[in-house]
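In what follows, a structure is listed as structure tokens, so that the remarks can point back to it.
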Amino acid sequence: MRLLPWTGIDGKPCYLATDDPGSLLSRLADDVEAAQLASAETVLAGARAVLHDDKSGERAVRFALTRAVESLGDVLRIAVGRGDGTR
């Protein structure tokens with residue numbers, strides 16, 4: 001079983017049961033994971049810039065923190081999926 005990098009409509013984890021890492025859904029999951037990790041790098045750079053700018057206001061800090069929390073959730077889901085033997 002592979003933990004997919006997205007949740008279902010109800011917010012619960014989604015799993016894929018396949019032994020074929022080249023299946024269409026496996027490749028889609030790989031692409032989504034790569035996009036989520038790339039996005040997390042961008043979000044991290046933006047959050048660092050906001051935190052290092054003494055002129056950043058509350059709205060900028062809240063926006064950066066909100067995006068960082070979203071990205072951290074994605075990255076943790078990927079890490080859990082890779083770390084529990086599902087890949």
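Some points to look at:
- Checking each residue in segment 55-66 for being closer than 22 Å to Q36 by Cα and either among the hydrophobic types (A, V, I, L, M, F, W, C) or open to solvent by less than 70 Å² (accessible area, probe 1.4 Å) (or both) picks out A60, V61, F63, A64, L65, T66.
Residue-by-condition table, conditions (1) of a type outside the set (G, A, S); (2) at pLDDT 95 or above; (3) in contact with a Leu (Cβ under 7 Å, 6 or more places away or on another chain):
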site: R2; (1), (2), (3): yes, no, yes
site: D20; (1), (2), (3): yes, no, no
site: V50; (1), (2), (3): yes, yes, no
site: A60; (1), (2), (3): no, yes, no
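- Test: S71 is touching a helix residue (DSSP H, G or I) at 6+ places or on another chain (Cβ under 6 Å), free of Cβ contacts under 8 Å to residues at least 60 places away in the same chain, part of a helix (DSSP H, G or I) and open to solvent by less than 60 Å² (accessible area, probe 1.4 Å): yes
- For segment 6-54, filtered to residues that are open to solvent by 80 Å² or more (accessible area, probe 1.4 Å), assigned to a helix (DSSP H, G or I) and in contact (Cβ under 8 Å) with a residue 12 or more places away in the chain, the residue that is farthest from R77 (Cα to Cα) is L51.
The values are calculated or read from the model by the stated rules, or taken from the named source; none is laboratory data. Bear in mind that the values here come from a model prediction, so they are computed numbers and not experimental data. Every residue, glycine among them, receives a Cβ derived from its backbone with ideal geometry; neighbour counts consider all protein chains shown. Only protein heavy atoms, including side chains, enter the accessible area calculation; ligands, DNA and RNA are left aside. Shrake-Rupley method; radii C 1.70, N 1.55, O 1.52, S 1.80 Å.
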